[in-house]
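The structure under discussion appears below in the form of structure tokens.
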Amino acid sequence: MSIIKIIVSFLSGLIGSMGFGGGGILIIYLVIFADTPQIKSQGINLAFFVPCAIISTIIYTVKKQIKYKEIFPVILGGIAGAIPAGFMLNLIKTEYLSKIFAVFLICMGISSLIKLKKSK
């Protein structure tokens, strides 16, 4: 395994465990630099973040930063959205997935910049 893969994996896990969307870094790396198809990159990302999420959840629980009663509806909504999305991936062409992901990242970046400007 190359040192670049180790660094990208470490940064993705670090940023993802803080709740900042480390999957974006991992998917961008896999698609652009590792020449991995978008759909495969998304699957790798999901498998990568299961252990990271478990460890992060344990740490946040010990620090009493998770209010399980409040997040239960969010968990149910996420599961409800993940089920049809999993089936829809087989219907969407890879080049469209890449474009949808790019638009999503651009929108998130613009949203972050707007919120940052408002907070100042």
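The values are calculated or read from the model by the stated rules, or taken from the named source; none is laboratory data. Please read all numbers here as calculations on a predicted model, not as lab measurements. So basically every Cβ, Gly included, is an ideal-geometry build from the backbone, and we count neighbours across all protein chains shown. Surface accessibility is based on the protein's heavy atoms, side chains included, excluding ligands, DNA and RNA. Shrake-Rupley method; radii C 1.70, N 1.55, O 1.52, S 1.80 Å.
Condition test on F49, is it among the hydrophobic types (A, V, I, L, M, F, W, C), surrounded by fewer than 13 Cβ atoms within 10 Å (Cβ to Cβ) and within 19 Å of L105 (Cβ to Cβ)? When the stated conditions are applied, F49 does not pass them.
Taking the numbered list (1) assigned to a helix (DSSP H, G or I); (2) surrounded by 12 or more Cβ atoms within 10 Å (Cβ to Cβ) in turn, I54 passes all entries but (2). Among the candidates E95, E70, the residue that is among the acidic types (D, E), without any contact (Cβ under 8 Å) to a residue 60 or more places away in the chain and out of contact with any helix residue (DSSP H, G or I) (no Cβ under 9 Å at 6 or more places or on another chain) is uniquely E70. Inside the stretch 28-45, residues that are farther than 26 Å from F87 by Cβ and part of a loop (DSSP other than H, G, I, E, B) make up a count of 2. Screening the stretch 33-46 for residues that are at pLDDT below 90 and of a type in the set (A, V, I, L, M, F, W, C) and picking the one that is least open to solvent (accessible area, probe 1.4 Å) gives I39.
When each of F20, F48 is tested for being outside any helix (DSSP H, G or I) and under 16 Å from the mean Cα position of the chain (by Cα), the lone residue that passes is F20. Can you tell me which residue in the stretch 60-113 is farthest from G43 (Cα to Cα), limited to those that are assigned to a loop (DSSP other than H, G, I, E, B) and of a type outside the set (D, E, K, R)? So, considering only residues that are assigned to a loop (DSSP other than H, G, I, E, B) and of a type outside the set (D, E, K, R), the one farthest from G43 (Cα to Cα) is Q65.
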